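Accompanying notes for the structure given below.
The values are calculated or read from the model by the stated rules, or taken from the named source; none is laboratory data. Not measured: the values here are computed from a predicted model. A quick note on method: Cβ atoms are made from the backbone with ideal geometry, for glycine too, and the neighbour counts reach across all protein chains shown.
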Amino acid sequence: MSKISLLLLLSCSAFCAYADLYSANSAYVGKDFPTAFKEYRELAELGQPQAQFALAVMYANGEGTDVSLTNAHAWASLASRSGDDPRAKALVAELEPQLTPTSLRFSSEIQERFGSASLNARLMPNFLTGREYIDRDPARRVKADVPPYPMGAAARGVQGQVYVEFLIASDGRARLPRIVYAVPPLTFDNYVRSSVMHSEYLPARINGKPIASTVGQFYHFKLAIATSQYVGLESLVKSTLVKAQAGDPSAQLLYAMMLAGLPQLNQTYDKALPWFLKAAQSGSSYAQYQIGAGLIQGRGCECDAAKGDIWLEKAAQNDQPDAQVTLAEHLLRDAPTEQSVAGALVWLERAAKHGNGNAKLYLAAVLATNQQAKARDHGRALALTEDITKEFKDDPTLWEIRAAAEAAGGDFPAAGKDQALAIKQAESLGWDLTPMRERQDSYAAKRPWSGDLLAY
């Protein structure tokens, strides 16, 4: 058979995205066929139709692997069912007459192994319809603090978008905001953190009882003379959707964040999760984190911790810091063992090594107060807080961690001072001060405190 061209697929795909589909395409164009084959294979097994077709072509041409018309037929068949590329159907029609009945049977077995039924059982979320959770009422914002437009950015005509995730505690106040997407980076981040911390929310509830929950918020910074702060937002959403529908993973991810984090769109998280899934199947580690977190929390889909762990592990192994921090949180939950604490520290150290501020904050908290004495290192905890003071100086949690670390080292005057600062900041934000005052009393009595500082 003649050599099948994959270049049309590559040239027609508008990828300004990250992750594996883009790098697989780049490897193929650069004739690094072993790398392209490996990356296409990984994504094809996640159900990504373009990767499935690319894998079929490489099997047919013997690029990065031995020629196998059986495998080419199987993956082209899977691509024709999971996507709408007519070339996949044409490749199936070209290959089928060349295969023996035994080869066709082997192809069917491959299709069964990696087809939709197998994927659904092993990996795919069962989406909810019209609601975020089965078992709870989700958190809702009741009073927004609108961030100012940074003067420096305005003077330079800089515009951008930020997506932030944070915990809404049972008192209805935001904790631990983390910037997970910012364009351009480090321009609007601190303004968004402050906005989140000063907004008010109705907490999530189960059977009427308030609980802590994770939410996301999308901010669009656009300069305009018009009075509406949302000028151009509708146009941005529509143009992003067009690109997402055309198969651009970066647009799929951005559109998912808009659906999840723009109150103006009035959408529940179950509408965002399918777009996160498309980006996750294309190799976006952040989207894989979102799918994993959604499955574990039962947010936008039925709860399935086993599937969620697989997605989180994929993202964490690709050094996605939010996934690494989330895996650490799970290991530290309830009554952690020495082994689970050690595992959590591995993930936090890995994320902190890449400069992630939130990972350093979590790591400092564990080192300062973990109940496993072997895990504590108050000196390192203090050093970590020094490293992130500029980023988190307005967050009471930072000063609570510092106070706990100082108390662990016997410097109770310094602990009392930093704990007082944490309480002062928290009071201005409307936090429940009860646990913070208990820690303050402990330091005044020259007693260090151990436990989970990040349990809200």
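Without any contact (Cβ under 8 Å) to a residue 40 or more places away in the chain, in contact with a helix residue (DSSP H, G or I) (Cβ under 9 Å, 6 or more places away or on another chain), assigned by TED's automatic domain parsing to the domain that holds residue 422 and crowded, with 16+ Cβ neighbours inside 10 Å: is that true of residue 351 in this structure?
Numbers: without any contact (Cβ under 8 Å) to a residue 40 or more places away in the chain: yes; in contact with a helix residue (DSSP H, G or I) (Cβ under 9 Å, 6 or more places away or on another chain): yes; assigned by TED's automatic domain parsing to the domain that holds residue 422: yes; crowded, with 16+ Cβ neighbours inside 10 Å: yes.
Against the criterion (without any contact (Cβ under 8 Å) to a residue 40 or more places away in the chain, in contact with a helix residue (DSSP H, G or I) (Cβ under 9 Å, 6 or more places away or on another chain), assigned by TED's automatic domain parsing to the domain that holds residue 422 and crowded, with 16+ Cβ neighbours inside 10 Å), residue 351 qualifies.
Within the bounds of segment 377-384, is there any residue that is farther than 21 Å from residue 344 by Cβ and surrounded by fewer than 20 Cβ atoms within 10 Å (Cβ to Cβ)? Lay out the reasoning, then the answer.
In the first step, residues of segment 377-384 are kept if they are farther than 21 Å from residue 344 by Cβ; the result is none.
No.
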Which numbered condition residue 152 fails, given (1) modelled with pLDDT under 95; (2) surrounded by 15 or more Cβ atoms within 10 Å (Cβ to Cβ); (3) more than 21 Å from residue 427 (Cα to Cα): (2)
Test: residue in segment 143-164 that is over 19 Å from residue 217 (Cβ atoms), among the acidic types (Asp, Glu) and assigned to a loop (DSSP other than H, G, I, E, B): no
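Taking segment 311-335 as the search range and keeping residues that are among the charged types (D, E, K, R) and assigned to a helix (DSSP H, G or I), which one is surrounded by the fewest Cβ atoms within 10 Å (Cβ to Cβ)? Can you show your working first?
If we filter segment 311-335 for residues that are among the charged types (D, E, K, R), which is where we start, we get 313-314, 319, 322, 329, 333-334.
Those still in the list that are assigned to a helix (DSSP H, G or I) too: 313-314, 322, 329.
Details: 313: 14, 314: 21, 322: 23, 329: 16.
My answer is 313.
Give the residues of segment 336-353 that are out of contact with any Leu (no Cβ under 6 Å at 6 or more places or on another chain) and not in a loop (DSSP other than H, G, I, E, B), sorted by residue number. I'd like the intermediate steps shown before the answer.
Of segment 336-353, the ones out of contact with any Leu (no Cβ under 6 Å at 6 or more places or on another chain) are 336-339, 341-342, 345-346, 349-351, 353.
Selection gives 338, 339, 341, 342, 345, 346, 349, 350, 351, 353.
Just the residues that are among the aromatic types (Phe, Trp, Tyr) and over 30 Å from residue 213 (Cα atoms), please, taken from segment 408-442.
If we filter segment 408-442 for residues that are among the aromatic types (Phe, Trp, Tyr), which is where we start, we get 412, 431.
Listed by number, the list holds a single entry, 412.
Would you confirm, using the coordinates I've provided, whether residue 295 is over 21 Å from residue 344 (Cβ atoms) and either not in a helix (DSSP H, G or I) or not polar (S, T, N, Q) (or both)? Reasoning before the result, please.
On the way: over 21 Å from residue 344 (Cβ atoms): no; either not in a helix (DSSP H, G or I) or not polar (S, T, N, Q) (or both): yes.
It is false that residue 295 is over 21 Å from residue 344 (Cβ atoms) and either not in a helix (DSSP H, G or I) or not polar (S, T, N, Q) (or both).
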Meets criteria (touching a residue at least 40 places away in the same chain (Cβ under 8 Å), among the basic types (Lys, Arg) and not assigned by TED's automatic domain parsing to the domain that holds residue 432) for residue 156: no
Every pair of residues 6+ apart whose Cβ atoms lie under 7 Å, when the first sits in segment 41-62 and is assigned to a loop (DSSP other than H, G, I, E, B) while the second is among the polar types (S, T, N, Q): 46/281; 47/82; 47/281; 48/281; 48/282
Residue selected from segment 419-445 under the condition in contact (Cβ under 8 Å) with a residue 12 or more places away in the chain and over 18 Å from residue 197 (Cβ atoms), by the criterion surrounded by the most Cβ atoms within 10 Å (Cβ to Cβ): 419
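Which of the residues that make up segment 265-277 are surrounded by fewer than 23 Cβ atoms within 10 Å (Cβ to Cβ) and out of contact with any Phe, Trp or Tyr (no Cβ under 6 Å at 6 or more places or on another chain)? Explain how you work it out, then say what you get.
Residues of segment 265-277 surrounded by fewer than 23 Cβ atoms within 10 Å (Cβ to Cβ): 265-268, 270-271, 274.
Once the filter is applied, which keeps residues that are surrounded by fewer than 23 Cβ atoms within 10 Å (Cβ to Cβ) and out of contact with any Phe, Trp or Tyr (no Cβ under 6 Å at 6 or more places or on another chain), segment 265-277 yields 265, 266, 267, 268, 271, 274.
Yes/no matrix, rows are residues, columns are (1) at pLDDT 80 or above; (2) under 21 Å from residue 319 (Cα atoms); (3) of a type in the set (D, E, K, R):
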{"residue": "4", "(1), (2), (3)": "no, no, no"}
{"residue": "9", "(1), (2), (3)": "no, no, no"}
{"residue": "14", "(1), (2), (3)": "no, no, no"}
{"residue": "29", "(1), (2), (3)": "yes, no, no"}
{"residue": "36", "(1), (2), (3)": "yes, yes, no"}
{"residue": "42", "(1), (2), (3)": "yes, yes, yes"}
First in segment 136-149 and among the acidic types (Asp, Glu), second anywhere and in a strand (DSSP E or B) and surrounded by 13 or more Cβ atoms within 10 Å (Cβ to Cβ), Cβ under 7 Å, 6 or more apart: 137/204; 137/205
Residue match in segment 237-255 (condition: more than 25 Å from residue 291 (Cα to Cα) and surrounded by 16 or more Cβ atoms within 10 Å (Cβ to Cβ)): no
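The rows are residues; the columns are (1) of a type in the set (Val, Ile, Thr); (2) assigned to a helix (DSSP H, G or I); (3) at pLDDT 95 or above.
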{"position": "218", "(1), (2), (3)": "no, no, no"}
{"position": "238", "(1), (2), (3)": "no, yes, no"}
{"position": "243", "(1), (2), (3)": "no, yes, yes"}
{"position": "264", "(1), (2), (3)": "no, yes, no"}
{"position": "274", "(1), (2), (3)": "no, yes, yes"}
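Can you go through 119, 99 and tell me which one is hydrophobic (A, V, I, L, M, F, W, C) and within 22 Å of the chain's Cα centre (by Cα)? Let's see the steps before the verdict.
Numbers: 99 fails: within 22 Å of the chain's Cα centre (by Cα).
Checking each option against the conditions leaves just 119.
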